[in-house]
Each structure stands twice: as structure tokens, then as C-alpha cells.
Amino acid sequence: MVDVTLDMDADPMPLVMLQAETWELHVWAPLADLSRLSEIRSATWDDRRSLQVGTCGDLPVFWTLAEDGQATVLIGQDDETWNLALMVPLTAVDEIVALAR
């Protein structure tokens, strides 16, 4: 399970916090970009497609749909040579989109 929080008042732009029992991820992105995550179902890793939405620690964040139907969050210079990858339920991405609207 992943908890999703959107802090609209964060500086310099809105902050999405994804929290699980053993980790927490902060992603800064404009609301319009977060809304683009609604397209994740067409950004499949098999087709080498991803959505670049937000930053984490000054690195771009890429979102893609994995084979098992979960979302993969890739943090790094690009979606091929990332530094960190996390799997999150697709419902967490849907919640981000709903909060950003």
C-alpha cells in the first residue's frame, strides 16, 4: 500500500509525497504535469514509452506502466539510465491525477 499526499503550498511548486511502510518519495511538479499522469496506461515499458513528470533531488522523474500492471517510477537522467526505480500500485498514480485536478 502507498499513501499519496499532495501539498499544493510547497515551494517552489506542488509536492507529491508517496509513502509506504519502509520508504517515502517526494516529487515536485506543476499540477498540469501531474494531470498528464492520466496517460500512464499508454506509456508501457514494453513499448519503451514513459512520461517525464516532475523532479526529485534535481533529477527528472519518469513514470511507466510495467508488465504486471503496476507503475514504475524511475528517477535519473533518463528512463534508460536511471538511479532509482520504485514500483507503485496504479491506484496511487490515479490518486495523484485526481488530487491534481
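The values are calculated or read from the model by the stated rules, or taken from the named source; none is laboratory data. Since the structure is predicted, the reported quantities are computational estimates derived from the model, not experimental observations. Cβ sites come from the backbone with ideal geometry, for glycine too, and all protein chains shown count toward neighbours.
Close contacts from segment 12-27, counting a first residue that is in contact (Cβ under 8 Å) with a residue 12 or more places away in the chain and farther than 12 Å from Val61 by Cβ and a second that is of a type in the set (Val, Ile, Thr) and surrounded by fewer than 17 Cβ atoms within 10 Å (Cβ to Cβ), with Cβ to Cβ under 7 Å and a gap of 6+ residues or different chains, come to Met17/Thr5. All of Leu25, Leu34 fail the test of being modelled with pLDDT of 95 or more, touching a helix residue (DSSP H, G or I) at 6+ places or on another chain (Cβ under 9 Å) and surrounded by 15 or more Cβ atoms within 10 Å (Cβ to Cβ), apart from Leu34. When residues in segment 37-60 are screened for being at pLDDT below 95 and within 19 Å of Ala100 (Cα to Cα), 0 of them pass.
Of these, Met8, Met17, which one is surrounded by fewer than 20 Cβ atoms within 10 Å (Cβ to Cβ) and touching a His at 6+ places or on another chain (Cβ under 9 Å)?
On the way: Met8 fails: touching a His at 6+ places or on another chain (Cβ under 9 Å).
Within the list Met8, Met17, the selection yields Met17.
Filtering segment 3-43 to residues that are among the β-branched types (Val, Ile, Thr) and either assigned to a helix (DSSP H, G or I) or more than 10 Å from the chain's Cα centre (by Cα) (or both) leaves Val4, Thr5, Thr22, Ile40.
Of the residues in segment 61-77, at least one is surrounded by fewer than 15 Cβ atoms within 10 Å (Cβ to Cβ), modelled with pLDDT of 95 or more and more than 17 Å from Pro14 (Cα to Cα).
More than 17 Å from Glu95 (Cβ to Cβ), part of a loop (DSSP other than H, G, I, E, B) and of a type in the set (Asp, Glu): is that true of Asp46 in this structure?
no
Of all residues in segment 79-100, exactly one satisfies the criterion of being in a loop (DSSP other than H, G, I, E, B) and either at pLDDT 95 or above or in contact with an Asp or Glu (Cβ under 9 Å, 6 or more places away or on another chain) (or both), namely Pro89. Suppose the filter is under 12 Å from the mean Cα position of the chain (by Cα), within 13 Å of Val2 (Cβ to Cβ) and small (Gly, Ala, Ser); does Ala92 pass it? Yes; evaluated as a whole, the condition is true for this residue.
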